[in-house]
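Asks: Have a look at this one.
Please treat every number below as a calculation from the coordinates, not as lab data. Note that this is a predicted model, so its numbers are computed, not measured. With ideal geometry, Cβ positions are generated from the backbone for all residues, glycine too; neighbour counts draw on all protein chains shown.
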């Protein structure tokens, strides 16, 4: 079973932060309070959309053909994600 990287608190749905990083080679640990990059704050479904967008060279027409969804549906999904990313960026600026 592949574990999913949590980005939201299971108690209050707030954005989680990274507090420790560990080297798998020498086990060096770095601790602090680091905000996740915006793209990592996206849901797994949104991250998959970004990956498909990238792999199709940014062609919504190609994505539409690959996914079997209409061009307007894919375009609307992209517009929704742009709005979501802008919201996440704005939240980071106010912290």
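Asks: Based on alpha-carbon centroids, what's the gap between region 59-95 and region 1-53 in Å, whole number please?
Replies: First find each Cα centre; the distance between them is then 20 Å.
Asks: On to the next question. Go ahead and run the numbers for FRET between residue 75 and residue 15, Cβ-Cβ distance against an R0 of 25 Å, rounding to 0.05.
Replies: Working: r = 27 Å, r/R0 = 1.10.
After rounding to 0.05, the efficiency reads 0.35.
Asks: Which value does Rg/Rh take for the chain over its C-alpha atoms, Rh per Kirkwood? Walk me through the numbers before you get to the answer.
Replies: On the way: Rg = 16.6 Å, Rh = 15.7 Å.
Rg/Rh for the chain comes to 1.06.
Asks: Once you've got the GNM for the chain with C-alpha springs shorter than 10 Å, pick whichever of 73, 28, 17 has the biggest mean-square fluctuation.
Replies: 28
Asks: For helix 71-93, report the angle its Cα long axis makes with the longest principal axis of the Cα atoms of the chain; keep it between 0 and 90° and round to the nearest 10°.
Replies: So the inclination is approximately 30 degrees.
Asks: To the nearest 0.05, what FRET efficiency results for residue 31 and residue 66 with a Förster distance of 25 Å applied to their C-beta separation?
Replies: Values: r = 42 Å, r/R0 = 1.67.
Approximately 0.05, to the nearest 0.05.
Asks: Helix 44-55: angle to the longest alpha-carbon principal axis of the chain, degrees 0 to 90, nearest 10?
Replies: That helix lies at roughly 60 degrees to the long axis.
Asks: Moving on. From the Cα gyration tensor of region 37-93, with a ≥ b ≥ c the square roots of its eigenvalues, which class applies: rounded if a/c is under 1.5, or else prolate if a/b is larger than b/c, or else oblate? The partial results should precede the final answer.
Replies: Working: a/c = 2.64, a/b = 1.95, b/c = 1.35.
Judged from the Cα gyration tensor, region 37-93 comes out prolate (a/c at least 1.5, a/b above b/c).
Asks: If you don't mind, another one. Hey, can you rank 54-62, 4-12 by average C-beta count inside 10 Å, highest first?
Replies: On the way: 54-62: 12.3, 4-12: 9.1.
The densest-packed peptide leads the list: 54-62, 4-12.
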